[in-house]
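The values are calculated or read from the model by the stated rules, or taken from the named source; none is laboratory data. Since the model is a prediction, treat every value here as computed from it, not as a measurement. Note that we place each Cβ from the backbone using ideal geometry, even for glycine, and neighbour counts take in every protein chain shown.
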Amino acid sequence: MTMKPAERIPFLRREIARHEELYYTHADPEISDSEFDQLMLELKALETEHPDLLTPDSPTQRVGGRPAEGFATVLHHTQMLSLDNAYDEPDLRAFDERVRKALAAAQGVSAAEIVATYVCELKIDGLSISLLYEDGRLVRGATRGDGIRGEDVTFNVRTIRAIPLRLNGDVLPRMEVRGEVYFPRKAFERLNTEREQAAEPLFANPRNAAAGTMRTLDPASVSKRGLSAWMYQIVDATGVADAAPVEPTHVAMLEQLRTWGCAVEPHWRRATGIDDVIAFCDEWREKRHSLPFETDGVVVKLDDLAQRVTLGTTSKFPRWATAFKYPAQQATTVLRKIEVNIGRTGAATPYAVLEPVLVAGSTISLATLHNPDDLRRKDIREGDTVIVEKAGDVIPRVVGPVLSKRPEDSREWEMPTACPVCGGALVKGEDEAVWRCENSSCPARLLRSLEHFVSRGAMNIEGLGEVLVRQVVEKGLVSSVADIYALTADTLADLERMGKKSAAKLIEQIERSKQNDVWRLLNGLGIRHVGERGAQVLADHFGSVEEIEAAPPAVLEQVREVGPVMAHSVRSWFDEPRNRDLVGRLRAAGVRTVGERKVAPAGPQPLAGQTFVITGTLDAMSRDDAAARIEALGGKVTNSVSRKTSYLVVGAEAGSKLEKAEALGVATLDEPAFLRLIMNES
């Protein structure tokens, strides 16, 4: 039944508000940008047809979503407006016509006499950022938020090397520099690889990854992710837009930013007239895929800043700019089979095997399905014709099935109970979304463990990549990470695509790795809940692998940033005889296991004596990160609720633990209350 406008308009507003919440606050969108744009266009059209139904709180009358919880709120001196969209050549020509008519009216001439000069910039797939500089020194970084108020993310911004902490040369006493924080392709791919190995949900695209990273409460983890930034605007912090000691054009502004030491995306172009703009958009339609970062369109701006003032803005958009968006990079194909990948921790992740299809310039035959719950929610089945897109033009993913083409004999997919590689049992722990293979000797786990051991964040053995790792395993040359140190140049030289010179260089890299810092070895061992930071903390405190191996849980828990969860994981790993034997073999091979003890002074422990349990999904951080934060402040984290529990931290989709806490009278903290607790106490 078709809704009447009076019913459809409120429905669209609720849907748009929900999707804005998912996108801006939680960095977890359910629909693509183009689908969201269609909802907004439909609402805008209905409100235009029925102006009596337009209300001030409609999403068409404001910029974007509200700030995320957990950060101080920042009031922007000049509103950070969104941009209106153009989707094709007629839209671009209509934008140009509006600009020329407005300029003509101001000058008292006809629109035909006006040729507007624009600047075309590639539209970066990232997160808008505002940087406040005082006397050339960075004093604050803030997200766009709702355009009027954003989140103070200064400490995270300072970790991004592309953002200067101090500007060069003569600057305004107080001003904002605006730009876009983004993920380079390689950094984004590395991040999702790490999340997959840690059995964490993958980011859908670089924009959401950037948003999620900037809302991370630990600047140290932000620093490791490899964010970058491009700058494109100068704003006088007194509230006068685009006021700066430069010539009054956008081109001069970009050149001034570069002079000050800000990173400016280099492919911008001044365009005389709309035909030049359209030519630029056409040029980059396919060419953009060769860039080391993601771009989904072109931003078109009037070059003359005085003309911008003449045109002004609406409550939401500047009239002097528009964002041209390329069509979504999607295709349909047949999903042949749903397979399961096994990671180094045993995490079992489903993925789609597809009829090969061309998407965004490359042939796709495999695509992520994230996790069994997401797969069931979308009702994706083997044999379906499915819509495939490259999320952020990087990771192929299955958007959903084309139900009209579903085979009559299709059946719902079920998660297998046995590991597809070794046949061992797949199990899912309480309150976990991840299934795991518990066989530590599983060949798939061995491959992933070896890849992790030689990776840049661990033993950093250059030349021993994924293809070569697979070869040495398949040839029976390596059955554990210790076997890497028994490889010889002669043995390696016989492998495919390896010669004597390459083999000799690789052996040099393997030998060099024996003298790595102890923390690299600890990280390479793949102990659950021990990443780079945890390995560094343990190595600095104990000084050697042997001391860590001998430490009882109570001693491990006393280490700053190490609490019960990590301590239990470390103790359990070293309690396994095969793991102790592995360390012994590495030691005998000459791998360094003794370093320098650097015991850090104990920090404040405001949560000492308090016990926490975490249930559900948190938006601002993973549950492991939340546990680490609690433990760093002296608190204890356990897996089950009892009368001794001080607080139950409740995230989205909380399970039975919430009911038990309520029955026992245990205090609960929702995510905002939890964030206030750890931020105020830390």
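Across the range 309-323, the qualifying residues are those that are over 24 Å from the mean Cα position of the chain (by Cα) and in a strand (DSSP E or B), and the one among them that is surrounded by the most Cβ atoms within 10 Å (Cβ to Cβ) is THR322. The set of residues from the range 458-470 being in a helix (DSSP H, G or I) and either crowded, with 16+ Cβ neighbours inside 10 Å or touching a Pro at 6+ places or on another chain (Cβ under 7 Å) (or both) comprises LEU468, VAL469.
Here ALA600, ALA608, ALA632 are screened, and the one residue that is at pLDDT below 85, touching an Asp or Glu at 6+ places or on another chain (Cβ under 6 Å) and at negative phi is ALA632. Looking only at the range 480-502, residues that are farther than 19 Å from LEU525 by Cβ and part of a helix (DSSP H, G or I) come to 8 in all.
Taking the range 103-182 and the strands (runs of 3 or more DSSP E) fully enclosed by it, the elements with 2 or more residues that are among the acidic types (Asp, Glu) and assigned by TED's automatic domain parsing to the domain that holds CYS262 are at 174-182. Listed by first and then second residue, the pairs with beta-carbon distance under 9 Å, at least 6 apart or on different chains, first residue in the range 435-458 and closer than 16 Å to LEU582 by Cα and at pLDDT below 85, second of a type in the set (Lys, Arg) and outside any loop (DSSP other than H, G, I, E, B), are SER440/ARG578; SER441/ARG578. All conditions but one from (1) crowded, with 16+ Cβ neighbours inside 10 Å; (2) in contact (Cβ under 8 Å) with a residue 12 or more places away in the chain apply to ARG578; the one that does not is (1).
If you go through the range 288-308 and pick out every residue that is within 31 Å of the chain's Cα centre (by Cα) and among the aliphatic types (A, V, I, L, M), you end up with 4. Of all residues in the range 541-568, those satisfying the criterion of being modelled with pLDDT under 85 and either outside any helix (DSSP H, G or I) or under 31 Å from the mean Cα position of the chain (by Cα) (or both) are GLU557, GLN558, VAL559, ARG560, GLU561, VAL562, GLY563, PRO564, VAL565, MET566.
Search the range 109-158 for residues being at pLDDT 90 or above and among the aromatic types (Phe, Trp, Tyr), and hand back the single one that is nearest to TRP268 (Cα to Cα). Here the answer is TYR118. The number of residues in the range 282-330 being of a type in the set (D, E, K, R), farther than 14 Å from ALA271 by Cα and touching a residue at least 12 places away in the same chain (Cβ under 8 Å) comes to 9.
Would you say GLU653 is touching a residue at least 24 places away in the same chain (Cβ under 8 Å) and crowded, with 18+ Cβ neighbours inside 10 Å? Answer is no for this residue.
Scan the range 422-455 residue by residue and report those that are exposed (fewer than 14 other Cβ atoms within 10 Å of the Cβ), acidic (Asp, Glu) and within 24 Å of ARG377 (Cα to Cα). Across the range 422-455, the qualifying residues are GLU430, GLU432.
Being in contact with a Ser or Thr (Cβ under 6 Å, 6 or more places away or on another chain) and either more than 19 Å from LEU556 (Cβ to Cβ) or at pLDDT 85 or above (or both): is that true of GLY665 here? When the stated conditions are applied, GLY665 does not pass them.
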